[in-house]
């Protein structure tokens, strides 16, 4: 399937969900395309494919491991409570944008778009949780 222009559409969400997250997903697609999965399914009830796929995805992910500097972690701790409230100051929106761009190697421009800010906040928060095991 060709990548759609707008990933927010139903077609775009379907395309994104079908993308391999790591080596396990790719192997699963190959075994399905070649019919190996049906052959194994005819021989055994549970071959452990799902567990193996998940383990391989964790061991060999296709995304780079994202991290935060100590300074970014300290800034995040200071601003996260406000970022999860209804009123976010312009200063903290700017701090979030700069941090997001640094972590994700992106070039987001300043914005007052609430859904955009929430998406950035949630992605940075996920990185923080992964780095700090929070």
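What number of residues within the stretch 1-39 are modelled with pLDDT under 75 and part of a loop (DSSP other than H, G, I, E, B)?
Final tally of qualifying residues: 2.
Is it true that residue 80 is modelled with pLDDT under 85 and assigned to a helix (DSSP H, G or I)?
Numbers: modelled with pLDDT under 85: no; assigned to a helix (DSSP H, G or I): yes.
Against the criterion (modelled with pLDDT under 85 and assigned to a helix (DSSP H, G or I)), residue 80 does not qualify.
The values are calculated or read from the model by the stated rules, or taken from the named source; none is laboratory data. Please read these numbers as outputs of a predicted model, since none were measured by experiment.
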